[in-house]
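Some notes on the structure that comes next.
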Amino acid sequence: MSDVDLDQLAQSARNRGLKLVRSRVRTPTKRRFGKVGLTDKSGKPLFGMDSKGPTADPEEVENYLRKLDMKDWGASLDVAAPQRKRSARKSPPAAANDQPPKAKRTPKPKPPPKPQIRDARPSDAPRLVELIGLLDKQIDEKSLRRNLAKLRKDGETPLVATLGNQVVGLCGIGARVMIHRATPIGRISPLVVAEEAQGHGIGRMLVEAAEAWMRKKGCELVEVTSNDRRGEAHAFYRHMGFERTSIRFAKTL
C-alpha cells in the first residue's frame, strides 16, 4: 500500500495546471489497482497513462512532479544579465612571432542559493508582514516590530528561512511551562512558507530547527496549531510526525 497521500498529490498536480487520474479498479489483486497518472487540463495523457487508464504508482507521479518543480525553480533563479552588442573591429595584422590569442573560458552558471535558517531581525519586518498575510492574518509593521522585540527579550526570537537575500519562510517558536506537566511544552505558531518557495523542503527545515531549539529548552512535547481550512498544512504536519490530539477553542476578548 502506498504511503503517498492521494488528495495531497492531486492538489500538487492542480497547482501545476495538471489533473491526477486515479484507477477505478477496486480489487487489490487486479493489475491496475492503486495506479494513478497525469493529464493536462484538456485530458491529454502526460505521464503514467495508456489507452486503458493509469499505469504509474503514486510514488512515481510524486517524483515526476518534484522534478518538474526543481526544473522550474532552477530556471527562475538562473536569470542572466543582458549583454551589450559590440561593434566588430578589425584586428591588426599579426607579427611573425605573435601567438594566437587564447580562447576565453565561458564562466559556469552560478548554482541556485541553498536555503538557510536564522533568527528573525527587525529589518525583516516588512517581509514578515507579507508572509503572515498569506495566513489571512493582518498585522502592521509597527506592531510586528514591537512583538519581535519582546520575543527577542524573552529568548523566543522567531526563525526565518532565506534564499540568498530573500526571506521566504517564518516559524514562530515558544516554550511554555504548564502547571500539569513536568517539562515545558514547545509551541510552533505561526509556520508559513512563501508560495514560490514551497516544495523544496523549507518547511521541514524550519520545523526541524524549531524542534532542536525546543529540545535545548527541555521540551518533551511540541504542539502546532493550524486552521481547519488548511488541508495541505494538516497533511504536511502528519508527514512530519504530528498527530491530532485535541480540538482548540478560542474566544475574542
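Does the range 224-243 include one or more residues that are surrounded by 13 or more Cβ atoms within 10 Å (Cβ to Cβ) and modelled with pLDDT of 90 or more?
Yes, the conditions are met somewhere in the range 224-243.
Could you pull out every one of the helices (runs of 4 or more DSSP H) wholly within the range 137-252 that has 1 or more residues that are within 27 Å of Ser12 (Cβ to Cβ) and out of contact with any helix residue (DSSP H, G or I) (no Cβ under 7 Å at 6 or more places or on another chain)?
In the range 137-252, 202-216, 231-239 are the helices (runs of 4 or more DSSP H) which contain 1 or more residues that are within 27 Å of Ser12 (Cβ to Cβ) and out of contact with any helix residue (DSSP H, G or I) (no Cβ under 7 Å at 6 or more places or on another chain).
Given (1) at pLDDT 80 or above; (2) on the phi < 0 side of the Ramachandran plot; (3) touching a Pro at 6+ places or on another chain (Cβ under 9 Å), identify the lone condition not met by Ala94.
Unmet for Ala94, out of (1) at pLDDT 80 or above; (2) on the phi < 0 side of the Ramachandran plot; (3) touching a Pro at 6+ places or on another chain (Cβ under 9 Å): (1).
Could you say which residue among Gly231, Gly218 is in contact (Cβ under 8 Å) with a residue 60 or more places away in the chain and farther than 24 Å from Pro115 by Cβ?
One residue alone meets the criteria, Gly231.
Among the residues of the range 153-165, write down those that are surrounded by 12 or more Cβ atoms within 10 Å (Cβ to Cβ) and free of Cβ contacts under 8 Å to residues at least 24 places away in the same chain.
Glu156 - this is the single residue of the range 153-165 that is surrounded by 12 or more Cβ atoms within 10 Å (Cβ to Cβ) and free of Cβ contacts under 8 Å to residues at least 24 places away in the same chain.
Identify, please: which residue in the range 166-190 is of a type in the set (Gly, Ala, Ser) and surrounded by 12 or more Cβ atoms within 10 Å (Cβ to Cβ) and is, among those, modelled with the lowest pLDDT?
Among those that are of a type in the set (Gly, Ala, Ser) and surrounded by 12 or more Cβ atoms within 10 Å (Cβ to Cβ), it is Ser189.
So which residues in the range 31-69 are part of a loop (DSSP other than H, G, I, E, B) and in contact with a Gly (Cβ under 8 Å, 6 or more places away or on another chain)?
Of everything in the range 31-69, those that are part of a loop (DSSP other than H, G, I, E, B) and in contact with a Gly (Cβ under 8 Å, 6 or more places away or on another chain) turn out to be Arg32, Lys35, Asp40, Lys41, Gly48, Thr55, Asp57.
Quick check on this structure: which one of Arg244, Arg229, Arg181, Arg204 is out of contact with any strand residue (DSSP E or B) (no Cβ under 6 Å at 6 or more places or on another chain), of a type outside the set (Val, Ile, Thr) and not assigned by TED's automatic domain parsing to the domain that holds Leu135?
Just one listed residue meets the conditions, Arg244.
The values are calculated or read from the model by the stated rules, or taken from the named source; none is laboratory data. Keep in mind that this is a model prediction, so the values were computed, not measured. No Cβ is skipped: glycine too gets one built from the backbone with ideal geometry, and neighbour counts run over all protein chains shown.
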